[in-house]
Amino acid sequence: MKAPALIALLFLAAAATAPATVPAAGAPAAPVSLRAPLPAAGSWSWPLTPRPAVLRAFDPPDKPWLSGHRGVDLKSSSDGGPVTAPESGTVSFVGVVVDRPVITVDHGNGLRSSFEPVASTLAKGDAVAKGQLLGTLLAGHCGPTPCVHWGVRRGDEYVNPLEFVLDLRPSVLLPLDGRPPD
């Protein structure tokens, strides 16, 4: 392999394994060695079936106290439909936050996913398997359109839930003839 191609390959490999988030200016960064890696892209399942459309994307605020969208809104085929666990874990919260029923699942390695508005018969401490029913979707989050809000946190940081069901890494186009670009 020629040197420029090898350098490009090493650069791409380093970029693919770099941390997915950058701490805000002035915020202390957690040592990378203390953070467990995120699961592989696409290793979780969608919490709705069939695969839902994304009605509102992840839009985290610049500062934790500012407004933003700390998850994704996924379109459901109907209110009252099933919401399932995207990955195995343990129920860590079932209750009402503000005026909406919420269920949260702790997946280990500091990862927790929450769903609202979801009515559930599960209780804190219940083990759930990937794909297991968490509860039923209630109306109201997206107005007349049935949808579930799915948020994922890694410790205290919100991360894009779509990173767990899709490969969101940027594509890199290489020349067809195999030669490195000029």
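The values are calculated or read from the model by the stated rules, or taken from the named source; none is laboratory data. In this text the structure is predicted, and so the values were computed from the model without any measurement. Here Cβ is always computed from backbone atoms with ideal geometry, including for glycine, and neighbour counts include all displayed protein chains. The area values use the complete protein model at the heavy-atom level, side chains included, leaving out ligands, DNA and RNA. Shrake-Rupley method; radii C 1.70, N 1.55, O 1.52, S 1.80 Å.
Qualifying trypsin sites (Lys or Arg not before Pro) in the stretch 87-182, where qualification requires a DSSP coil assignment and no more than 14 other C-beta atoms within 10 Å, comprise LYS124, LYS130. Treating r as the C-beta distance of SER45 and ARG179 and R0 as 30 Å, the FRET efficiency rounds to 0.15.
Candidate cross-link partners of LYS130 among the aspartates and glutamates, defined by an alpha-carbon separation under 16 Å and a same-chain spacing of 8 or more, comprise GLU87, ASP106. For the residues CYS147, CYS142, a 1.4 Å probe over the protein chains yields an accessible-area ranking, largest first, of CYS142, CYS147.
Ordering PRO82, ALA119, GLY68 by Cα displacement along the dipole of the stretch 57-182 toward the positive end leaves ALA119 in first place; charges were set at the Cβ atoms of Lys, Arg (+1) and Asp, Glu (-1).
Counted residue by residue at 0.36 nm each, then reduced by the alpha carbon distance between them, the extension gain from LYS124 to VAL54 reaches 22.4 nm. Of the listed residues LEU122, LEU176, the order by accessible area with a 1.4 Å probe, largest first, is LEU176, LEU122. The label-point distance for ASP99 and CYS142, in a model that sets each label 7 Å from Cα toward Cβ, rounds to 2.1 nm.
Computed on the stretch 125-170, with alpha-carbon pairs under 8 angstrom and 6+ residues apart, the relative contact order is 17 percent. Here the 3J(HN,Hα) profile of the stretch 150-158, calculated from phi with Karplus coefficients 6.51, -1.76 and 1.60 at θ = phi - 60°, is 10, x, 10, 10, 10, x, 9, 9, 7 Hz, Gly and Pro shown as x. Using C-alpha pairs under 8 Å with a sequence gap of at least 6, the mean separation divided by the residue count of the stretch 82-142 gives a relative contact order of 42 percent.
Among the chymotrypsin sites (Phe, Trp or Tyr not before Pro) in the stretch 60-165, those placed in a DSSP loop whose Cβ has at most 16 other Cβ atoms within 10 Å are TRP65. Spin-label model, SER67 to GLU157: label points 7 Å out along the Cα-to-beta-carbon direction sit 2.6 nm apart.
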